[in-house]
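Just below is one structure, and these are the notes that go with it.
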There are 2 protein chains.
Amino acid sequence: MSRTEISSLGEFGLIDHLTRNFEIQNASTVVSVGDDAAVIDHFGKQTVVTTDLLLEGVHFDLMYTPLKHLGYKSVIVNLSDVYAMNAQPTQITMSIGISNRFSMEALDEFYEGVYAACEKYGVDLVGGDTASSQKGFVISVTAVGEVAPGAFVKRSTANSGDLVCVSGDLGGAFLGLTLLEREKKIYLENPKIQPDLEGEDYIVGRLLKPEARKDIIAFFEQNNLVPTSMMDISDGLSSEILHISRQSNLGCRLYEEKIPIDEKARQAAFKFGLDPTVCALNGGEDYELIFTIRQEDHEKILLNEEISVIGYMLDEEEGRKLITKGGNTFDITAQGWNAFVK
Amino acid sequence: MSRTEISSLGEFGLIDHLTRNFEIQNASTVVSVGDDAAVIDHFGKQTVVTTDLLLEGVHFDLMYTPLKHLGYKSVIVNLSDVYAMNAQPTQITMSIGISNRFSMEALDEFYEGVYAACEKYGVDLVGGDTASSQKGFVISVTAVGEVAPGAFVKRSTANSGDLVCVSGDLGGAFLGLTLLEREKKIYLENPKIQPDLEGEDYIVGRLLKPEARKDIIAFFEQNNLVPTSMMDISDGLSSEILHISRQSNLGCRLYEEKIPIDEKARQAAFKFGLDPTVCALNGGEDYELIFTIRQEDHEKILLNEEISVIGYMLDEEEGRKLITKGGNTFDITAQGWNAFVK
């Protein structure tokens, strides 16, 4: 495979190259790449802005993360935050810091993933920044979206008695990470042993190629349902339900048996000697949505198999607790993926 | 001085700590820090978005950059891009990646600078991300602004015959960098020698504590003046006039004697054996504005001492040239601060 040095293009040549085939999909994109800033017209709607910083060696490991998947995921994690506000993403900016160990071809792979995510979710890439880094790959994405005035959904507005719901299933991404880290360790000890990922596509895919729950937001709109609170699940179920509870000044009860865990994730957990529920509670990066709804809206979600009711909110003095399958009660504590605690 | 480890706060404690005293200044800030995303309502105006990535060792050197100044400058460089669209900045997001060599107190210093810039320019900090980095300080800032529909000014819309103008003076930041790099080298060779910055406040300040030209945008509005094209000067005058010329499909003439260079910068250039004009053309980081205006608007700018007319645009086949004080003509070439060319 040929290798083109990025330095042979220069910064502006690089930007031209990376953005050459990209077509604008949104009428709200007034000025895109190529000026001091992008201009966006949300035509009377409110603008939503969120940003994420991803660092090599901290948030991703290039030893087992294909660059195309990394580009895709970098976009997805930001879109997920926009959907979590009950909003529609419309634009992103993508900034990257790269060292000279990356070739133009490697960067093209990364952008293939970025563009695939943009296309799938109907989002325009409207700007960014490229910098040479001394060491490590740095990715900073900002996503912009729109929402009808006042229709956004915060974390702090749940009510006592509301039902707690989650989309999809949980714990899979953490199990994918556990598997890949195990295989990496084995490989480093003996490079002749080929990685054994047989039958583990699901959990590996959950980690490396997550999707954002655009479908759930569309479902809300079609069914005239407005959650009373919502956020996305990036740090694990425990951490997120505590955010909603604390910011809404409420308690909660979650039922272990109601937490949706895919059968393949469950099997992987048993193989690794892990408790699947703990993986769902404390593992991260599932990018599902957690939200609360009024009890009278319960029947609106019954037909959606992608939504599970896992508990309910109640007054703060009742505490925040998990009821296990065996009928025991435990306080929910945030373990989550806290970047600063080792 | 006491040292608080960042790990003792955790990520959410850290965010709470850093944002605890910050008050919202803009009615357009509907939802700020503490949710999945910020919500902004520009009330019928268009939204402007720009982003910059700053990496330690590439964009700044902590050996001679105080953290407070770095926080201030990180905001300014983004606001400058918003003003360069003829827009008003309203919000920023700030993401940082930090290693454990930084204490809470060091980070507080950085945020003092961030908040000082926000306060001075009337901008709200509405979100961001914090990550632990393995090595080096990573800063990613996104600025959001607003502009009346269609009132933004692009780079590509200059006309033949328009006057080329710049704000303030040029080359100072590059000379400040040259001085600080020289003193750093001397210090590293012999740590007993104290840095000699006597009388060099101006050029050092131009590098370490730049300002964005909010005043120029306000002047345009007060005087009913809309530039035909505009951008900010971050990579040097040569690079920027070439952007405007190429994107507008025009040629240009600049006059060396008209390029504004502060007397202190001129003196510093002579001291270092550098040509002050070359510093203005190829040095970067002045964060002044370059813009073009119709000839009939000339008298509107005459009374503003912060604006210099340095040349004019003409048809593309006339080329892009600098007329020296001696009357010679040179092609303008982009040297600029190209991060990928060594």
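Laboratory data are not the source of any read-out in this text; all were calculated from the coordinates shown. All of these numbers come straight from a predicted model, not from anything done at the bench. All Cβ positions, glycine included, derive from the backbone under ideal geometry; neighbour counts span all protein chains shown.
Brief remarks follow.
- Sequence-distant lysines (8 or more away, or on other chains) whose Cα lies within less than 17 Å of residue B:325: B:258
- Rounded D (µm²/s) - region A:142-190, Kirkwood Rh over Cα pairs, Stokes-Einstein at 37 °C, 0.692 mPa s: 209
- Largest first and in whole Å, the equivalent-ellipsoid semi-axes of the protein assembly as shown read 47, 27, 24, each the square root of five times a Cα gyration tensor eigenvalue.
- The alpha-carbon atoms of region A:163-331 define a convex hull whose volume equals 121 cubic angstrom per residue.
- In order along region B:140-147, phi translates into HN-Hα couplings of 10, 10, 10, 10, 10, x, 9, 8 Hz, rounded to whole numbers, per the Karplus curve 6.51 cos²θ - 1.76 cosθ + 1.60 with θ = phi - 60° and x for Gly and Pro.
- Just so you know, the Cα atoms of region A:9-147 work out to an Rg and Dmax of 14.5, 45 Å.
- In nanometers and ordered shortest first, the copy-to-copy spacing of the residue A:44 label point, defined 7 Å from Cα toward Cβ, is 1.1.
- Distribution of pairwise C-alpha distances over region A:196-278, 10 Å bins, in %: 13, 36, 36, 14, 2
- Normalising the Debye intensity of region A:102-239 to I(0), with uniform scatterers on Cα atoms only, and taking log10 at q = 0.09, 0.20 Å⁻¹ returns -0.45, -1.41.
- Label 7 Å beyond Cα on the Cβ vector: residue A:156 copy-to-copy distances, nm: 4.2
- Estimated FRET transfer efficiency (residue A:257, residue A:194; beta-carbon r; R0 41 Å; 0.05): 0.60
- Note on residue A:45: aspartates and glutamates with a C-alpha under 17 Å away, same-chain residues under 8 apart excluded, are A:146, A:221, B:41, B:146.
- Volume in Å³ per residue [convex hull over Cα atoms, computed for chain B]: 154
- One Cα centroid belongs to region B:274-321, the other to region A:285-323; the line between them spans 61 Å.
- Long-range amide H partners of residue B:261 with built H, under 5 Å: B:170
- With N as its number of residues, region A:170-244 has a Cα radius of gyration that, divided by 2.2 N^0.38 Å, comes to 1.54.
- For residue B:120, the lysines whose Cα comes closer than 19 Å to its Cα, not counting residues fewer than 8 places off in the same chain, are B:68, B:73, B:209, B:214.
- Residue among A:145, A:34, A:127 with the largest mean-square fluctuation in a Gaussian network model of chain A, springs linking Cα atoms under 10 Å: A:34
- Interchain or long-range residues, amide H under 5 Å from residue A:133's placed H: A:98, A:99
- Longest exposed-site-free window of chain B, the sites being GluC sites (Glu not before Pro) in a DSSP loop that have at most 13 other C-beta atoms within 10 Å: B:24-197
- Comparing region A:273-328 with the 2.2 N^0.38 Å rule of thumb, its C-alpha radius of gyration ratio is 1.37 (two decimals).
- Per-copy distances of the residue A:273 label point, shortest first, in nm (7 angstrom along Cα→Cβ): 6.9
- Fluctuation leader among A:131, A:173, A:38 - chain A, Gaussian network, Cα springs under 10 angstrom: A:131
- A straight line joining the Cα centroids of region B:237-254 and region A:184-244 runs 48 Å.
- Loop-located chymotrypsin sites (Phe, Trp or Tyr not before Pro) in region B:223-318, at most 15 other Cβ atoms within 10 Å (DSSP): B:272
- One Cα centroid belongs to region A:112-179, the other to region B:18-83; the line between them spans 20 Å.
- Converting phi to 3J(HN,Hα) with the Karplus coefficients 6.51, -1.76 and 1.60 and the offset θ = phi - 60°, region B:220-227 yields 4, 5, 4, 9, 6, 10, 10, x Hz in sequence order, with x at every glycine or proline.
- Using θ = phi - 60° and Karplus 6.51 cos²θ - 1.76 cosθ + 1.60, couplings along region B:117-129 (whole Hz; Gly, Pro as x): 5, 4, 5, 4, 9, x, 10, 9, 7, 10, x, x, 8
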